[in-house]
Amino acid sequence: MEFILLLTASLIPLFISTAILFYYNSILTRALSMYLVTVSFWQADISFLYAEPLLGAHTVDILFRLFRVGTIFVMPAVYYFAYLLVKEASQNKNVQKMNRFGLIFCLIVSIFVYAVNLTDLGIAGYAHINAEKFSPSYMLPLYGKLNWTFKIDVIFVFVNSIYLLIITLWLKNVRSRKFHLTLVLSSLLIFINGVLSGFFVIPLYFSSLNTIFIAMILFIGFFQMQSSQMKKMNRTLERQTGLLQSIMQINPHYLLVQDRENRIVEVNDAFCSLFLISKKDILGKEFSFKQLEMPESEYAGIHHLKDERGETHLIRWENRILHDYYGDYYTIYFGVDVTEEKQNEQLLIASEKYKVLGDMAASVAHEIRNPLTTIRGYFQLSHEKAPKSPLQSIVIEEIDRINEVLKELLLLSKPQAQVGTAKISDPIGIIHESKNLHLLFEAMANKQNKEIILENRLPSERWIRMDQMHFKQVFINIVKNALEAVGEKGKVKIILDSNQSFARVRIIDNGNGMTKERLAKIGQPYFTSKDKGTGIGLTICFKLIKDNNGEISVKSKLNHGTAVTFLLPRDKGTGSLSHP
């Protein structure tokens, strides 16, 4: 009966070591489990001394010798705790070498002592001790000639415990220091109790009771240390999570995270602001990228979105798979707004086109002007020698007209030129010039069964300081485009009005209009929707208006028509005159 009770008690440290490893597997838990196993075997070894009536003397001898592995190897198990603390605390190679040597030495000593224990030199036999008032009968081992090796092992147990105590007192980590102090004091209590029971100061079986008590203390102490560390880690994780949340929220890119079941687990403020949705309304809901309804743009891999505020966004969407510690995974979608980047690219392309166009215009203009000058010279000379002919005058006027057009081409070769550095032209009347140009196009429009209307809302003439040829070129180019845009019976309306600073000309047609994509490219060099167009007419018009400190804008709606508006600064040195 006593054997069963003592054996059961010896299993408690073994169960505790198994529980510790099951819930938390680390270097420290493995060391603690190994220590508790040796203590369990130690106490099981003592319980076999009470098993003679049940197992027989021969079986008891075999089991006692085998399970004495716990009594002997508890010494290196204690040193192993000190070994781990030194290994973690010191980076000195010599210290590490000595620390490793100490562990190997302890293991060699214990192996040698255990080998001696298996022979008669360690245990020579047993004596039968009869039951007394407070002690049942048991078998008392009789030690052999080399039993002094076991005593050395016991001395090393106390030496290692003191060594571990000294190292523990140097620990800076309060939680770890508290646990190791508990371990050292518990070990010393077990060993002192074992020595006292071994020398019959107290009954032999009392050590089993202390073992149960100490094992429970170590178990509680360990989990208190782990609980404290977990709380600290949780606080650290909370701070890190808060920091990551803040980083995610201030990130200008659009971020969305979904779990393996396609449920949204996190979005940032930029994403919610883009789609005008509330975070609480979409968290936990299933998500598919198709729900965003973002068609692909003209740029490969970039999607187009027009938000509720009417702003257009070009977004490059990508995704990554994130795996967590437990093998689960999440998908993070991140969108980068490249609208400004693409606009800058277009500006760069347009700038390069202007440069190429300018170089080409200068080359063409110079090549044409040289022979044109020679032709005009011969006509002028023949005009002076021969009788005056109307045809000769017309030819010279047309040559001069070609020269003016070539001047406009040369403007493109000098994009840096400003009005302030150009020749100051005489002011022109916007009503007078517009009426003349209206008459020029009226016959053309009637012939094509189209209508062109001039609506003058100015009470008197408004004067602008702009070269007359420049104004005509802009006016003619825009009106010509408007007439080409309308079909038969189409209308083009020219509206003149002004404010205090500008004279305004609006040319409105009811043609097919343009898409937003085409409208965005209006004025860029070489961009045209005409089969035989060059794409430089409006480019020149935009530049002429800009160089005269004016403004030009184009509005268009598909299937509704187009309106071109240009504002020109009024000449302040000329008063209002009556209509010519």
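Here are the numbers for this structure:
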quantity: Residue count, region 73-98 (criterion: modelled with pLDDT of 85 or more, over 19 Å from Leu32 (Cβ atoms) and in contact with a helix residue (DSSP H, G or I) (Cβ under 7 Å, 6 or more places away or on another chain)); calculated: 2
quantity: Helices (runs of 4 or more DSSP H) enclosed by region 1-85 - at least 3 residues per element that are touching a Cys at 6+ places or on another chain (Cβ under 8 Å) and either farther than 26 Å from Asp120 by Cα or touching a residue at least 40 places away in the same chain (Cβ under 8 Å) (or both); calculated: none
quantity: Residues of region 546-562 classified as of a type in the set (Val, Ile, Thr) and buried (at least 19 other Cβ atoms within 10 Å of the Cβ), total; calculated: 2
quantity: Test result for Tyr126, outside any loop (DSSP other than H, G, I, E, B), open to solvent by 20 Å² or more (accessible area, probe 1.4 Å), over 20 Å from Ser40 (Cβ atoms) and not hydrophobic (A, V, I, L, M, F, W, C); calculated: yes
quantity: Cβ-Cβ under 8 Å pairs, at least 6 apart or on other chains, region 255-280 side at positive phi, far side among the acidic types (Asp, Glu) and open to solvent by 10 Å² or more (accessible area, probe 1.4 Å); calculated: Asn262/Glu286; Leu276/Asp307; Leu276/Glu308
quantity: Any hit, region 514-530, residues being of a type in the set (A, V, I, L, M) and at pLDDT 80 or above; calculated: yes
quantity: Per-region count, region 32-62, residues open to solvent by 10 Å² or more (accessible area, probe 1.4 Å), among the aliphatic types (A, V, I, L, M) and farther than 22 Å from Ile190 by Cα; calculated: 4
quantity: Residue in region 419-428 that is touching a strand residue (DSSP E or B) at 6+ places or on another chain (Cβ under 7 Å) and at pLDDT 70 or above present; calculated: yes
quantity: Within region 474-497, considering residues that are open to solvent by 50 Å² or more (accessible area, probe 1.4 Å) and assigned to a helix (DSSP H, G or I), the one farthest from Leu558 (Cα to Cα); calculated: Lys480
quantity: Criterion: farther than 27 Å from Leu32 by Cβ, assigned to a helix (DSSP H, G or I) and open to solvent by less than 40 Å² (accessible area, probe 1.4 Å) - qualifying residue of Val116, Val157; calculated: Val116
quantity: Residues (of a type in the set (Ser, Thr, Tyr) and in a loop (DSSP other than H, G, I, E, B)) located in region 498-521; calculated: Ser501, Thr515
quantity: Leu274, sole failed condition from (1) at pLDDT 75 or above; (2) closer than 17 Å to Arg320 by Cα; calculated: (2)
quantity: Looking only at region 357-385, and only at residues there that are surrounded by fewer than 12 Cβ atoms within 10 Å (Cβ to Cβ) and not hydroxyl-bearing (Ser, Thr, Tyr), the one that is modelled with the lowest pLDDT; calculated: Lys385
quantity: Residues of region 129-151 that turn out to be assigned to a helix (DSSP H, G or I) and surrounded by 15 or more Cβ atoms within 10 Å (Cβ to Cβ), as a count; calculated: 4
quantity: Restricting region 456-471 to residues that are at pLDDT below 85 and open to solvent by 60 Å² or more (accessible area, probe 1.4 Å), the residue that is farthest from Ile540 (Cα to Cα); calculated: Arg465
quantity: Residue that is least open to solvent (accessible area, probe 1.4 Å), among those in region 83-111 that are under 44 Å from the mean Cα position of the chain (by Cα) and of a type in the set (Gly, Ala, Ser); calculated: Ser90
quantity: Filter result (over 28 Å from Leu49 (Cβ atoms) and either at pLDDT below 70 or open to solvent by 70 Å² or more (accessible area, probe 1.4 Å) (or both)) within region 176-221; calculated: Lys178, Ile220, Gly221
quantity: Region 76-118: number of residues that are under 23 Å from Lys172 (Cα atoms) and of a type in the set (Ser, Thr, Tyr); calculated: 4
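The values are calculated or read from the model by the stated rules, or taken from the named source; none is laboratory data. Remember, it's a predicted structure, so these values are computed and weren't measured experimentally. Heads up, the Cβs are rebuilt from the backbone with ideal geometry, glycines too, and the neighbour counts pull from every protein chain shown. Ligands, DNA and RNA are stripped out before the accessible areas are found, and what is left, the full protein with its side chains, is counted by its heavy atoms. Shrake-Rupley method; radii C 1.70, N 1.55, O 1.52, S 1.80 Å.
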